[in-house]
Amino acid sequence: MQRVDISAIVNAHREGLLVKPTLDSLSQAVHSAREAGLHVQILFVLDRSDELTREMISEFGRSQASDFLEVDHGDLGISRNSGATAAEGEYIAFLDADDMWGKNWLTGAYRAASNDERQIVWHPELNVYFGANPHLFKHTDMEDPLYNHLKLGVNNQWTALCFARRSLLLEVPYSETRLDLQIGYEDWGWHLATTAKGVLHKVVLGTAHAIRNKEVSLVRQTSAARCLPRSTSLFREILYRKNGQQVVEQEP
Amino acid sequence: LNAVQASGLFDAEWYLSQHPDVAAAKVDPLTHYMKRGWREGRRPGPAFDGQRYLALYPDIASANINPLLHYVRHGKQERRSPGIAYELISLAEELVENLGQFELDIAGDPAFKHVQHLHLASPSADTPLTKAWEQLFSSLTRTYERVIFVPWLVRGGAELVAANAARAVISQHGPGSVLFVVTDHDRLEAIDWLPVGCDLRVLSEYDPTASHEDRVRLVELLMFALLPKSVLNVNSRACWDAFKTHGQALSNISNLYAALFCRDYDDAGTPGGYAVSHLRTCLPHLTKLYVDNSSFAKSLAEHYGVPATLHDCIAVIRQPWSGNAGERPFRQHQDGRPLPVLWAGRFSRQKNVDLLLRIVEAAPNIQFDVFGEGTGAINDRLIGAAQNFDNIRLKGPYSSIEALPTHRYSAFLFTSLWEGMPTTIINVGLMGLPIVSSNVGGISELVNDDTGWLISDLHNPNPYIQALQEIARDSGKAQSKVARMRERVRSLHSWEAYLAEFAKLPSFIQ
């Protein structure tokens, strides 16, 4: 069996016709990666998708070899976990089915990742938000002097469209979103959880994504439900280290 | 020129490469930029965007000032944005051009015609909140399993309750086991009430002008970072708002406790306070609500129709008397001399100063010494009364009721319109001064016909005066009531009884 370098996992729900530009950007980035000699698996995870979305993605599958996984989670983080479990690649790159990758994302991220042995989650340098309230959003590298962990407590520092080793995603999976318990922001929670494990979050210079800002987005629903991210022992551990104490406790 | 050069934001080589006409003219690039370039909207270097700077700040644009010079001299200090780095603009432009071919929401949006004018968000940028949070967290040297939030540290009953709770935690878990956080104001008059070994943080020390929203976030961040087993809110507005907004989320992290004492009332007599504005939303997320008297617990349960499953959630913990409130004699009344009466409290509507003044006016044979302070109209009325009547003296502020010379008085007069269980009554009861009190809140749990004089007509001076006259007439009766009151305080309000009640599970201190 051929070694797969990257599994490009597209998480779909009910995006309908908005899937088209996502698929175009996926095709373009995968094509660039394959031209650079990388083996890329395309894996769609359809979580409670509607007919239209399923049809759009099936149509894509007729022209490009793709794998499909139908799940019934109703939860984006858990769908990403299912994708990571089913994926064959050494690395995983996540794409939500209404967002878009820049052309050089897979090649750039793979190059950066394969040149650094450390446990790292890679993010693009820049995000262009389009749709409602167009703006730019710059990611900060954890090794940038401007960054510190305390800022990650105040704000989420990165978007969810990351690039990471599959083994890391299996070791530290995303947590369930529980709006009823005011636990949300699955990506922020995952960034806190991976950081607590000593994983670095870094940016791939010269790469960018386009993120669709919808009037009703998951982030807005999460914010309306007055959620916080899942709690983390990250900050307690900082205090333990400061105090010379041994960290003995379990993740809450 | 020197300042601009030293800033590093002017890059001569870059300037010439981006503006070939300047290179061709063979002029000094910095001189060109300072004289003409900035007026022509040219970028002085990859890290400064003058056009964007002037677009963002119309006050500078209208003053026709060189944007780079302004940034170097003032803008940097004023925390203005130097603009988006050139590399980022190029990156965004490339992405917009490339993905615009797939997505009309990008290609067709005029906002993307001038990418350099878009807002650039950066989550790692410093804000007053991140700076305050970084300072606050950096000041911590250890973790805490218990955190107490208070609005301020003035000499009030609620602050005493919070200080007692801190003392109780330390008695169980040792020094450094509790973090005491002052959230809403920077007043710390009662800092000496905190027990030794109680660590204190005052949010205003990290940002004196912090908004209420930022204070709420700091409370949440402290809980999110420390993951304490339990937190106790004693009247902190920031903490009540955190409980109200994120009660469920915070109760996933810690056991949430709160203390309430009574409802407050405004000038129109409308009930208010956290019992009205926050409790119904928050109670389901609280492990326990502590109140200091049964009457209030009963009234809350009845008023809100609290179901049986939540009844255990409201616990009565009677506050202990002060360690300085030892037994003392009171002054026996001497015939022919005015009865010396002590009144002490904040000069506020709650303490019903107006009734006090009517009593003073109607009872010229009784001498009233008034301890306390206040502001505004009530204060003015008291000062006016002291000038007009011989039988009232204003004695100024006091640190605690135990510090007053109670042995010089024959009675303690308490006129409040609403209360929980005032610690003043507890301490006066133990010290041994006949008490004449309004029947509000939980006071009847201590003061009754056996132990003092309880007045239910809150606005009529006559029953108060009659009670004081009875004390003057019948010192034997006053003596026996004082003795029974002492006994009652001893059985209900000892430190041991308080600790035993506080330790009942689930408990903030266990």
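The values are calculated or read from the model by the stated rules, or taken from the named source; none is laboratory data. A quick note: this is a predicted structure, and the numbers were derived from the prediction, not measured. Glycine gets a Cβ as well: all are built from the backbone with ideal geometry, and neighbour counts include every protein chain shown.
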- [ ] For segment B:483-502, state whether one or more residues are at pLDDT 95 or above, of a type outside the set (F, W, Y), farther than 30 Å from B:N233 by Cβ and surrounded by 23 or more Cβ atoms within 10 Å (Cβ to Cβ).
- [x] yes
Open item on the list: Which residue is farthest from the chain's Cα centre (by Cα), if the candidates are limited to segment B:92-111 and must be closer than 21 Å to B:A55 by Cα, at pLDDT 95 or above and facing chain A (nearest Cβ under 8 Å)?
Closed with: B:D109
Task: Of all residues making up segment B:130-157, the number that are part of a helix (DSSP H, G or I), surrounded by fewer than 20 Cβ atoms within 10 Å (Cβ to Cβ) and at pLDDT 95 or above - done: 4
TODO: Could you tell me whether B:E213 is under 22 Å from B:L136 (Cβ atoms) and surrounded by fewer than 20 Cβ atoms within 10 Å (Cβ to Cβ)?
DONE: yes
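Name the residues in segment B:79-91 that are part of a helix (DSSP H, G or I), touching a residue at least 24 places away in the same chain (Cβ under 8 Å) and either of a type outside the set (F, W, Y) or within 12 Å of another protein chain (Cβ to nearest Cβ) (or both), would you?
Kept after step one, since they are part of a helix (DSSP H, G or I), are these residues of segment B:79-91: B:86-91.
Checking which are touching a residue at least 24 places away in the same chain (Cβ under 8 Å) leaves us with B:86-89.
Answer for segment B:79-91, where residues must be part of a helix (DSSP H, G or I), touching a residue at least 24 places away in the same chain (Cβ under 8 Å) and either of a type outside the set (F, W, Y) or within 12 Å of another protein chain (Cβ to nearest Cβ) (or both): B:E87, B:L88, B:I89.
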- [ ] State all residues of segment B:140-159 that are away from every other protein chain (no Cβ under 11 Å) and of a type outside the set (F, W, Y); if no residue qualifies, say none.
- [x] B:R146, B:V147, B:I148, B:V150, B:P151, B:L153, B:V154, B:R155, B:G156, B:G157, B:A158, B:E159
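Report, by residue number, each residue of segment A:173-206 that is touching a His at 6+ places or on another chain (Cβ under 8 Å) and hydrophobic (A, V, I, L, M, F, W, C).
Of the residues in segment A:173-206, the ones touching a His at 6+ places or on another chain (Cβ under 8 Å) are A:182, A:191, A:194-195, A:201-204.
A:V203, A:V204, listed by residue number.
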Open item on the list: What's the total number of residues in segment B:212-241 that are in a loop (DSSP other than H, G, I, E, B) and either more than 17 Å from B:D186 (Cβ to Cβ) or free of Cβ contacts under 8 Å to residues at least 24 places away in the same chain (or both)?
Closed with: 3
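Name the residue that is farthest from the other protein chains (Cβ to nearest Cβ), counting only residues in segment B:112-125 that are part of a loop (DSSP other than H, G, I, E, B) and free of Cβ contacts under 8 Å to residues at least 24 places away in the same chain. It would help to see each step written out before you state the result.
Applying the first criterion (part of a loop (DSSP other than H, G, I, E, B)) to segment B:112-125 yields B:118-119, B:122-125.
From the residues that got through so far, the ones that are free of Cβ contacts under 8 Å to residues at least 24 places away in the same chain too are B:119, B:122-125.
Details: B:H119: 4, B:S122: 5, B:P123: 4, B:S124: 4, B:A125: 8 Å.
Among residues in segment B:112-125 that are part of a loop (DSSP other than H, G, I, E, B) and free of Cβ contacts under 8 Å to residues at least 24 places away in the same chain, the one farthest from the other protein chains (Cβ to nearest Cβ) is B:A125.
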TODO: Search segment B:110-133 for residues being out of contact with any helix residue (DSSP H, G or I) (no Cβ under 7 Å at 6 or more places or on another chain) and of a type in the set (S, T, N, Q), and hand back the single one that is farthest from B:V96 (Cα to Cα).
DONE: B:T127
Open item on the list: Any residue that is farther than 25 Å from B:N2 by Cα and either more than 11 Å from chain A (Cβ to nearest Cβ) or surrounded by fewer than 15 Cβ atoms within 10 Å (Cβ to Cβ) (or both) - is there at least one of those in segment B:63-74?
Closed with: no
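So, B:P44, is that one crowded, with 18+ Cβ neighbours inside 10 Å and either more than 22 Å from B:L88 (Cβ to Cβ) or in contact with a Cys (Cβ under 9 Å, 6 or more places away or on another chain) (or both) or not? If you could, list the steps in order and put the result at the bottom.
Values: crowded, with 18+ Cβ neighbours inside 10 Å: yes; either more than 22 Å from B:L88 (Cβ to Cβ) or in contact with a Cys (Cβ under 9 Å, 6 or more places away or on another chain) (or both): no.
For B:P44, the condition - crowded, with 18+ Cβ neighbours inside 10 Å and either more than 22 Å from B:L88 (Cβ to Cβ) or in contact with a Cys (Cβ under 9 Å, 6 or more places away or on another chain) (or both) - is not met.
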TODO: Scan segment B:50-100 for residues that are of a type outside the set (D, E, K, R) and at positive phi and report the count.
DONE: 2
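Checking the conditions here, which among B:W495, B:W453 is within 27 Å of B:W343 (Cβ to Cβ) and not aliphatic (A, V, I, L, M)? Write out each step before concluding.
Values: B:W495 fails: within 27 Å of B:W343 (Cβ to Cβ).
B:W453 is the lone residue from the list that is within 27 Å of B:W343 (Cβ to Cβ) and not aliphatic (A, V, I, L, M).
Out of segment B:478-496, which residues are hydroxyl-bearing (S, T, Y) and over 20 Å from B:R331 (Cβ atoms)?
Start the filter on segment B:478-496 by keeping residues that are hydroxyl-bearing (S, T, Y), which leaves B:480, B:491, B:494.
Hits for segment B:478-496 are B:S491, B:S494.
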Task: Cβ pairs under 8 Å, 6+ apart, first in segment B:134-163 and among the polar types (S, T, N, Q), second surrounded by 23 or more Cβ atoms within 10 Å (Cβ to Cβ) - done: B:T143/B:L226
- [ ] Find all pairs meeting these conditions: Cβ atoms under 6 angstrom apart; at least six residues apart or on different chains; first residue within segment B:26-46 and hydroxyl-bearing (S, T, Y); second residue part of a loop (DSSP other than H, G, I, E, B).
- [x] B:Y33/B:P44
TODO: Please report, ordered by residue number, the helices (runs of 4 or more DSSP H) entirely within segment B:242-341 with at least 1 residues that are away from chain A (no Cβ under 14 Å) and at pLDDT 90 or above.
DONE: B:274-277, B:279-282, B:294-304
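For segment B:364-371, indicate whether the set of residues that are surrounded by fewer than 21 Cβ atoms within 10 Å (Cβ to Cβ), of a type in the set (S, T, N, Q) and within 32 Å of the chain's Cα centre (by Cα) is non-empty.
We begin by selecting, within segment B:364-371, every residue surrounded by fewer than 21 Cβ atoms within 10 Å (Cβ to Cβ); these are B:364-365, B:367, B:369, B:371.
Of the ones still in play, those that are also of a type in the set (S, T, N, Q) are B:365, B:367.
Narrowing further to those that are within 32 Å of the chain's Cα centre (by Cα): none.
Checking segment B:364-371: not a single residue is surrounded by fewer than 21 Cβ atoms within 10 Å (Cβ to Cβ), of a type in the set (S, T, N, Q) and within 32 Å of the chain's Cα centre (by Cα).
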Open item on the list: So A:N115 passes all but one of these: (1) within 14 Å of another protein chain (Cβ to nearest Cβ); (2) surrounded by fewer than 19 Cβ atoms within 10 Å (Cβ to Cβ); (3) free of Cβ contacts under 8 Å to residues at least 60 places away in the same chain. Which condition number does it fail?
Closed with: (1)
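Hey, which of the helices (runs of 4 or more DSSP H) in segment B:432-510, taking only ones fully inside, have at least 1 residues that are in contact (Cβ under 8 Å) with a residue 40 or more places away in the chain and within 33 Å of the chain's Cα centre (by Cα)?
Details: elements: B:461-473, B:475-492, B:495-502.
Per the criteria, B:475-492, B:495-502.
Out of B:A344, B:A315, B:A275, report the one residue that is in contact with a Lys or Arg (Cβ under 7 Å, 6 or more places away or on another chain), surrounded by 14 or more Cβ atoms within 10 Å (Cβ to Cβ), in contact (Cβ under 8 Å) with a residue 60 or more places away in the chain and of a type in the set (A, V, I, L, M, F, W, C). Before you say what the answer is, go through the steps one by one.
Numbers: B:A344 fails: in contact with a Lys or Arg (Cβ under 7 Å, 6 or more places away or on another chain); B:A275 fails: in contact (Cβ under 8 Å) with a residue 60 or more places away in the chain.
Going through B:A344, B:A315, B:A275 in turn, the sole match is B:A315.
Could you go through segment B:321-331 and let me know if any residue there is out of contact with any strand residue (DSSP E or B) (no Cβ under 7 Å at 6 or more places or on another chain), farther than 30 Å from B:R490 by Cα and surrounded by fewer than 18 Cβ atoms within 10 Å (Cβ to Cβ). First the steps, then the outcome.
Here is the first cut: in segment B:321-331, the ones out of contact with any strand residue (DSSP E or B) (no Cβ under 7 Å at 6 or more places or on another chain) are B:321-330.
Next, only the ones that are farther than 30 Å from B:R490 by Cα stay: none.
Looking through segment B:321-331, none of the residues is out of contact with any strand residue (DSSP E or B) (no Cβ under 7 Å at 6 or more places or on another chain), farther than 30 Å from B:R490 by Cα and surrounded by fewer than 18 Cβ atoms within 10 Å (Cβ to Cβ).
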Task: Options B:F371, B:F412, B:F389; residue that is among the aromatic types (F, W, Y) and either closer than 30 Å to B:P506 by Cα or in contact with a Gly (Cβ under 8 Å, 6 or more places away or on another chain) (or both) - done: B:F371
TODO: Scan segment B:377-389 and report the pairs whose first residue is within 15 Å of B:A362 (Cα to Cα) and among the small types (G, A, S) and whose second residue is in a helix (DSSP H, G or I) and modelled with pLDDT of 95 or more, with Cβ atoms within less than 9 Å and a gap of 6+ or a chain change.
DONE: B:A385/B:L356; B:A385/B:L357; B:A385/B:V360; B:A385/B:E361
